[in-house]
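A.B. asks: Pasting in a structure now, in structure tokens, and then I'll have a few things to ask.
The values are calculated or read from the model by the stated rules, or taken from the named source; none is laboratory data. Source: prediction; values computed, not measured. Every residue, glycine as well, gets a Cβ built from its backbone with ideal geometry; the counts of neighbours run over all protein chains shown. Surface accessibility is based on the protein's heavy atoms, side chains included, excluding ligands, DNA and RNA. Shrake-Rupley method; radii C 1.70, N 1.55, O 1.52, S 1.80 Å.
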Amino acid sequence: MNIKLSNGKTIPVEMHKVRIVQKTYLVPIDERLKAIEEGGYNTFSLRTKYIFLDMLTDSGTNAMSDNQLAAMMVSDDAYAGCESFYKLADAIKDVLGFSYVLPVHQGRAAEHLLAKVFVKAGDVIPMNYHFTTTRAHFELAGGTVLEIFTDEALNTQSTNPFKGNLDLQKFQDAIKKHGREKIPFVRMEATTNLLGGQPFSLENLREVKKIASAHNIPLVFDGSLISENAYFIKQREKKYENKSIQEIITELMSYVDIFYLSGRKSTCVRGGFIATNNKKYFEELKPWLPLYEGFLTYGGMSTKEIEAMAVGLREMTDINVASSAAEFVKYFAERLIEQKIPVVTPPGGLACHLDAKLFLPHIPQTQYPAGALSAAVYLASGIRSMERGTISTDRDRDGKEVLADLELARLAIPRRVYTMSQLEYAVERLKWLYEHRDLVKGLKFIEEPPVLRFFFGKLAALDNWGAKLTEVFKKEIGPNY
Ligand SMILES: Cc1ncc(COP(=O)(O)O)c(C=O)c1O
């Protein structure tokens, strides 16, 4: 919730209290240097014991509520027909309005099944933007991802409230060009993770649905951050300012043929599902579920997580839950902007994103500025962020490097996990790093996996810049923190 201070400023205030805590570690900068060098300048390689604030992702790292934890204790582990599944199915019906449910172990498993069943060689899948695993699954099935975002989407210094909108004209042109039979579905991602958690408007979804329906193209909705997208609609789309999060979700869902999500985000658990009201789609997907995931009533998820997800789905319609990450992201971004640090605007749903092209303009994209920035943030602060740029974009089918549209270092805000003073620490260290940005140089691959290379790739710092940055930090701030 936002509270107005007597000086006129607004701050987000947590509408929950902390009852269980986890120890965190802030190790001296020499140890951080050793850890990042051994890990090939890839923040995925770092161990928790070397990390102070883990802002790699909001995926599966959110704080659960007491009611979610309590629900886990009464889970039913039956292989088939477990009662926990029916609680989840009821929650999906109540909150999202779908009758057919296929639980899966996480979001990418849903993408795998959708690709397996609906995407064939030569297909084209229009979407407002890709997510790494989405593109990989659709391409492995022989399809091509067609990103038809609006021109404003790639402007990192924008005031456009809905940079996640799909460009309607480009959608119509794509249908004309490729033909309906080559388009198995159109996919809308709420919110667009790789664009910086940017939402789409309800009006945009309504129009996308109109065009899709006119050509009998199903609409697939990736709702991994559905409560945040609904919150942004309430905040930014005038017509919906007095609607509840549930009312907005209900209207969003009225346009959807197949819904899926990673439960690791808005619902604050670990798992996922596909849901639909279309029996034919359900029957087409169902036989593959036990083969790849697990029986229909657990789908690869622990039944404890299923219980917690049923509660999390209902809780995400509470505005204090739906807004918790978004308002902290906004506060964080605004504090960084005060220091003139380039961040993606408007602030998005899952993270504060540093614009590495603006932060480190001297590093060419072929030397991975977002990867270098992410490693430098860790060195300067012990905070783990994630590269979302060219390293996260695999080579094309001919093995050529594909330069990403955006070079971002993502500082995710797991829901209800970090405090204001921790954010202030992050602002302070990022300010120091920005003042010393000339010391940061590029990276080069020394081990490069063939797919999703950002996970396990190893890189080296050009010109040994990590050690040099560490020396200056020790001189100016001290040997420790
Ligand atoms: C929008 C979106 N879709 C799909 C996924 C994949 O979900 P998971 O990580 O649970 O496999 C993610 C994960 O971050 C995501 O953000």
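A.B. asks: Show me, bin by bin at 10 Å from 0, the whole-percent P(r) of the chain based on Cα pairs.
C.D. replies: 4, 20, 30, 27, 15, 3, 0
A.B. asks: In the structure displayed, which of Lys163/Lys234; Lys243/Lys330; Lys340/Lys431; Lys9/Lys330; Lys163/Lys330 lie more than 19 Å apart, Cα to Cα?
C.D. replies: On the way: Lys163/Lys234 15 Å; Lys243/Lys330 22 Å; Lys340/Lys431 9 Å; Lys9/Lys330 13 Å; Lys163/Lys330 16 Å.
Pairs exceeding the cut-off: Lys243/Lys330.
A.B. asks: Setting aside same-chain residues fewer than 8 positions from Lys474, which aspartates and glutamates have a Cα under 18 Å from its Cα?
C.D. replies: Within reach: Asp30, Glu31, Glu37, Glu428, Glu435, Asp438.
A.B. asks: Lysines within cross-link reach of Lys279: Cα-Cα under 26 Å, excluding same-chain residues under 8 positions apart?
C.D. replies: Lys87, Lys93, Lys116, Lys120, Lys182, Lys209, Lys210
A.B. asks: For Lys458, list the lysines whose Cα falls under 23 Å from its own Cα; do not include residues on the same chain fewer than 8 positions away.
C.D. replies: Answer for Lys458, where 23 Å is the Cα cut-off: Lys34, Lys49, Lys357, Lys400, Lys441, Lys444, Lys468, listed by chain and number.
A.B. asks: Just to verify a number: FRET efficiency for Tyr292 and Glu181, C-beta to C-beta distance, R0 = 35 Å, to 0.05? Before the final figure, lay out the partial values.
C.D. replies: Working: r = 27 Å, r/R0 = 0.76.
According to the calculation, E is roughly 0.85.
A.B. asks: If each residue of separation counts as 0.36 nm, what is the full-extension length gain between Val472 and Lys279 once their alpha-carbon separation is subtracted?
C.D. replies: On the way: separation 193, 0.36 × 193 = 69.48 nm, distance 6.28 nm.
Gain in length upon complete extension: 63.2 nm.
A.B. asks: Once you charge only the Cβ atoms, +1 for Lys and Arg and -1 for Asp and Glu, what is the size of the charge dipole of the chain about its Cα centre, to the nearest 20 debye?
C.D. replies: Working: 60 positive and 59 negative charges, 54 e Å.
Taking the Cα centre of the chain as origin, the dipole is about 260 debye.
A.B. asks: Moving on. Roughly what angle does helix 465-476 make with the longest principal axis of the chain, taking Cα atoms, 0 to 90 degrees, to the nearest 10?
C.D. replies: 60
A.B. asks: Within the chain, what whole-number % of the accessible surface is contributed by carbon and sulfur, with the 1.4 Å probe and all protein chains included in the calculation?
C.D. replies: On the way: 10220 of 19300 Å².
C and S fraction of accessible area: 53 percent.
A.B. asks: So in the chain, what percent of DSSP beta bridges are antiparallel if you round to the nearest 5? Write down the numbers at each step before the final one.
C.D. replies: Details: 28 of 43 bridges.
Restricted to the chain, the bridges split so that about 65 percent are antiparallel.
A.B. asks: Which whole-angstrom value gives the distance between the alpha carbon centres of region 82-105 and region 325-376?
C.D. replies: What the calculation gives is 37 Å, centre to centre.
A.B. asks: Roughly how many Å² is the accessible area per residue of the chain, as a whole number, for a 1.4 Å probe? Please report the intermediate quantities before stating the final value.
C.D. replies: Details: 19300 Å² over 481 residues.
It amounts to 40 Å² per residue over the chain.
A.B. asks: If you place +1 on the Cβ of every Lys and Arg and -1 on the Cβ of every Asp and Glu, how big does the dipole about the Cα centre of region 61-118 come out, in debye to the nearest 20? Show your work: numbers first, answer last.
C.D. replies: Details: 4 positive and 7 negative charges, 60 e Å.
Dipole size: approximately 280 debye.
A.B. asks: For region 404-481, count all C-alpha to C-alpha pairs, find those more than 22 Å apart, and express that count as a whole percent of the total.
C.D. replies: Details: 1358 of 3003 pairs.
Here the long-distance tail beyond 22 Å is 45 percent of all Cα pairs in region 404-481.
A.B. asks: Next question, about the same structure. Angle check, please: helix 369-381 long axis (alpha carbons) against the longest principal axis of the chain (alpha carbons), in degrees 0 to 90, nearest 10.
C.D. replies: 60
A.B. asks: Calculate how steeply helix 168-178 sits against the longest principal axis of the alpha-carbon atoms of the chain, using the helix alpha-carbon long axis, and give the answer as 0 to 90 degrees to the nearest 10.
C.D. replies: Orientation of helix 168-178: about 70 degrees from the principal axis.
A.B. asks: Let me test this: with uniform point scatterers at the alpha carbons of region 209-269, what is the Debye-based log₁₀ I(q)/I(0) at q = 0.22 1/Å?
C.D. replies: -0.93
A.B. asks: In deg cm²/dmol and to the nearest 500, what is the mean residue ellipticity at 222 nm of the chain if only DSSP H runs of at least 4 residues count, each as -39500 (n - 2.57), divided by the residue total?
C.D. replies: Details: 19 runs with 188 residues, N = 481.
The per-residue figure over the chain is -11500 deg cm²/dmol.
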